[in-house]
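These notes concern the structure reproduced below.
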Amino acid sequence: MDSFKKMQGLVAPLDRSNVDTDQIIPKQFLKSIKRTGFGPNLFDEWRYLDHGEPGMDNSGRPLNPDFILNEERYRGASILLARDNFGCGSSREHAPWALLDYGFRVIIAPSFADIFFNNCFKNGILPIILDAATVDKLFADVAENPGYTLDVDLEKQTIVTPDGEAIAFEVDQFRKHCLVNGLDDIGLTLEHVEEIRAYESRRQNEAPWLFQSAENQ
Amino acid sequence: MAGKTLYDKLWDAHVVRQEDDGTCLLYIDRHLVHEVTSPQAFEGLRLANRAPWRVDANLAVPDHNVPTTDRSHGIADPISRIQVQTLDQNCTTFGITEFNMNDPRQGIVHVIGPEQGATLPGMTVVCGDSHTSTHGAFGALAFGIGTSEVEHVLATQCLIQKKAKSLLVSVDGELGRGVTAKDVVLAIIHHIGTAGGTGYAIEFGGSAIQSLSMEGRMTVCNMSIEAGARAGFIGVDDKTIDYVKGRPYAPREEYWEQAVSTWRELHSDADANFDRVVHIKAEDISPFVTWGTSPEMGVPVTAAIPDPGSEPDPVKRDGMVRALTYMGLKAGTPITEIKPDKVFIGSCTNSRIEDLRAAAAIIEGKKVAENIKLAMVVPGSGLVKHQAEQEGLDKIFIDAGFEWREPGCSMCLAMNADRLEPGERCASTSNRNFEGRQGQGGRTHLVSPAMAAAAAVNGHFVDIRETK
Ligand code: SF4
C-alpha cells in the first residue's frame, strides 16, 4: 500500500447523503478478478448517459452533463467532499479501488459507513470525519471558489483551507500509523504468530468442536 | 460490577491480543467465501507466497454470478464464468471445501452456512459480504469484511478490529397477524435510520424477537447492515440449539453436550449495560413497504407516500424528492395503489423454507395478475429447493404462474441475467432498494414474502391482513 503523509488537492463536492457502494461502483464491474482499472466506471450510472458494461471503451461514452464530477472545474480532483453515511451498502472493496483509481486520496464527510471506512484505510485512502457545520461551510466555499484546494496533513491531523484556516481532524492512531508508513496489516499480524498459536491451543481445549471438519464429507 | 452483554462475551472469547489503544487481534472461527470478493485476496496470498492459515475454517460457494436457469451448459456471460471458475480453481489450489455450482448443497452463502451447521453459536463468522450479519441469529459474532480483510483472514485466521459500541433493540409484545420478521426489521430501520446503527453492534431482543423462528431471526439480523451496523445478533435459546442439532458441521456426538452447555451462556446478563437501548412495541408494527431508494424509506402498507414538503431537514428533503423522481411516484399516493411489474421472492433475507411456505400459502389456488410481467421464486439453496419440492410448494408457485428457479443471489443484485429493465417496478423480498440495485433504472419495493406473493396475485400491493 502507498503511504500517505500529506497532500494538496482539488476538491470535488458530491452533495447527497447515503451514497451507497452500488452507486460508487455498480455490480457489473464486480465481475473483474483484478484490483485495478475501476476508475473509469466510478459512479458509472450517474456519470454516463448510457449503460456501462465491463470491457467497454469508456472514452467514447456519452457523459451526463448534470453530474458534478463531469464539470470541467472538478477535473483532476483528489479530495471528495461528501455527505452523511457515505459508502453505505455492500462490503465491496471495489468501491475504494474505484475512487483511488479515479484519483481520490481523501474523502471528507460528516459520517461514513463502517465497512467502507475501514476499506479506505486498507487502500491508502484517508476518510476524514468533520462535523456537519464544517462540512456545510466547505460545500459553500467549494461552490463559490473554482479551483478550491485543501492541504491535508495526516501527521499533523489538519486540513488547511486556501485562506490559511486550519481544521483539525481525529484519526485512529493505529490506522494513522499504518497509513503514514504504508504498512501491510498481514505483515503486522504475522509478527504475532506465537500468540495466535497459543490462542488456538487454548481454544481447542475449551471448544474442540470449533476445530472439527464436517461429519459427512 | 455490571454483567456482560452477549457482545462482550463473544468479543472477549476471541481476543488473541490487545493493544493499549483497544485495537485487538480477533480470532475468526469461520470464514465463508464467495466468488466476487475473493479473487483479489487469493491473488494477494499467491503474490506474497502465503498459504491459508487454517484451511478447514473456510467454506466456499459461488452465488452472486450463477444463473438461476438450467446450468448444464455452464454460464453464458464469459466474465461471470471466469469469476466462478477462478473460485473453483482457488479452492482446488488451496484445498478449501467448495460447494460448486452444480453441487446440490450450493446456494447463497448466508443460507448455506447455517443450513450446514457451519455457523455455530459462539463463533466469529466473517465473509466478504455485508450481509454476513445474518449468522448473528445463532448467537455468533458475524460481520462483513472487505477483500483486504478476506486476505488477512485467509493468511492469519485473525482480523485487526476495535470493539464497537453496543445497542440493544428490544421489540416487545406480540406481533399481529400477517406481520413477519421482515416487517419487524424494516420497522426497526425506519425507526433508527440507515445510519442509526453505525459504530454499533446490535443485539436484537425482547419477546417479539424471541417468538421468531430461526429463519425469522436470520431475516432480522441479515438487515443489520441496512441500519448501519456491521453486526447484529440474538441470544441463544432452545430454538437455536434445536436448529443446529444434526447438521453436517454441528459438533460431533462426543462434544455435543459440552457445546450446548457453553452455548446456554450466550445471552446478555440481566444486569448488563448497553451504550444505547431502543424499545419498539410489537403491536405498533404493520406489514411494511418501502417507497424510496434507501431501506429507511418505508411505511406501513396502510399508509400513503410521505410528502417531502413536511420534512424539515433540507438534506433529507432533497433525498426524498430525488427518491420519488427515481421511483416514479407521487407524494400522497396510497401504497396499495402501487402496481409492480415484477415480483422477486428470494435473496439471503427471505429465501428459506419458511419464506417460501409463507408465500405459497398466499397464492395457493390463485393466479399471478395480468399486469405482472414476471414473478419468480429463487430458493436460497439447493437443499431449500429440494425441501420445497418435497412439500409440493413448487407446484403451487408454478400453477399460479411463478417461475421456479435454481438457487443463487439472482435479482437481489442482478449480477447474473436476472434483472429489472429501466423503469420497471419490483416487489422484492431482498434487502436493498438502492438506485440500480436490481438493474439500471429498476425500482425496488422491499416487502416480506407474503406481501410480495399477495402483490403478485393482486397486481398491486395489498394489506395481507385483509386477505383470507
Ligand atoms: S442475496 Fe443479495 S444481499 Fe444476499 S449475498 Fe446475495 S447479493 Fe448479497
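Below, the figures for the structure above:
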| item | result |
| --- | --- |
| Over the range A:39-155, relative contact order from alpha-carbon pairs under 8 Å, at least 6 apart, % | 23 |
| Heavy-atom surface of the range B:81-209, accessible at 1.4 Å and reported per residue (Å²) | 23 |
| Amide hydrogen neighbours beyond the local backbone of B:Gly205, cut-off 5 Å, H modeled | B:Val169, B:Ser170, B:Val171 |
| Residues in the range A:98-115 that, when all protein chains are in place, have 10 Å² or more less accessible area than the chain alone would give (probe 1.4 Å) | A:Phe112, A:Asp114, A:Ile115 |
| Relative contact order [Cα under 8 Å, 6+ residues apart], the range B:9-155, whole percent | 30 |
| Contact order relative to length of chain B, as percent, for alpha carbon pairs under 8 angstrom and 6 or more apart | 17 |
| Alpha carbon centroid spacing (whole Å) that separates the range A:15-61 from the range A:100-137 | 19 |
| Cβ-derived FRET efficiency at R0 25 Å, B:Thr467 paired with B:Gln210, nearest 0.05 | 0.35 |
| Linear extension gain, B:Asp88 paired with B:Glu19, 0.36 nm per residue minus alpha-carbon span | 21.1 nm |
| Accessible area per residue, Å², the range B:310-455 with all protein chains present, probe 1.4 Å | 34 |
| Whole-Å semi-axes of the ellipsoid equivalent to chain B (Cα gyration tensor, √5λ, descending) | 33, 27, 22 |
| Per-residue [θ]222 nm for the protein assembly as shown (sum of -39500 (n - 2.57) over DSSP H runs n ≥ 4, rounded to 500) | -9000 deg cm²/dmol |
| Total accessible area lost when B and A pair, probe 1.4 Å, Å² to nearest 100 | 6100 |
| Alpha carbon convex hull of the range B:19-58, projected area averaged over orientations, nm² | 4.0 |
| Unit charges on C-beta of K, R, D, E only; dipole of chain B, Debye | 580 |
| Local electrostatic count at B:Ile202 - Lys and Arg +1, Asp and Glu -1, tallied over other residues with Cβ under 13 Å | 0 |
| Centre separation in Å (Cα based) which lies between the range B:294-358 and the range B:199-231 | 21 |
| Span per principal axis, largest first, for the Cα atoms of the protein assembly as shown (Å) | 70, 61, 56 |
| Probe 1.4 Å, all protein chains present, accessible-area order of A:Thr36, B:Thr124, largest first | A:Thr36, B:Thr124 |
| Probe 1.4 Å, protein heavy atoms only - accessible area per residue of the range A:83-128 in square angstrom | 16 |
| For B:Pro340, net neighbour charge (Lys/Arg +1, Asp/Glu -1) across residues whose Cβ lies under 11 Å away | +3 |
| Only Lys, Arg (+1) and Asp, Glu (-1) charged, at Cβ; the protein assembly as shown dipole about Cα centre in debye | 740 |
| Residues whose placed amide H lies under 5 Å from that of B:Trp53, excluding near-sequence neighbours | B:Ala155, B:Thr156, B:Gln157 |
| Apportionment of accessible area to carbon and sulfur, the range B:38-88, percent (1.4 Å) | 56 |
| Carbon plus sulfur fraction of accessible area for the range B:95-232, probe 1.4 Å, in percent | 48 |
| Share of pairwise Cα separations in the range A:38-108, more than 18 Å, in percent | 41 |
| Residues in the range A:1-37 that, when all protein chains are in place, have 50 Å² or more less accessible area than the chain alone would give (probe 1.4 Å) | A:Arg16, A:Asp22, A:Lys27, A:Lys31, A:Ile33, A:Arg35 |
| Buried on assembly, the range B:65-92 (at least 10 Å² less accessible surface than by itself, 1.4 Å probe) | B:Asp77, B:Ile79, B:Ile82, B:Gln83, B:Thr86 |
| For the range A:58-147, convex hull of alpha carbons as volume per residue, Å³ | 110 |
| Rg to Rh, two decimals, where the range B:104-181 supplies the alpha carbon set and Rh follows Kirkwood | 1.05 |
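The values are calculated or read from the model by the stated rules, or taken from the named source; none is laboratory data. Just so you know, these numbers come straight off a predicted model, no measurement behind them. Cβ sites come from the backbone with ideal geometry, for glycine too, and all protein chains shown count toward neighbours. Ligands, DNA and RNA are excluded from the accessible area calculation, which covers all protein heavy atoms including side chains. Shrake-Rupley method; radii C 1.70, N 1.55, O 1.52, S 1.80 Å.
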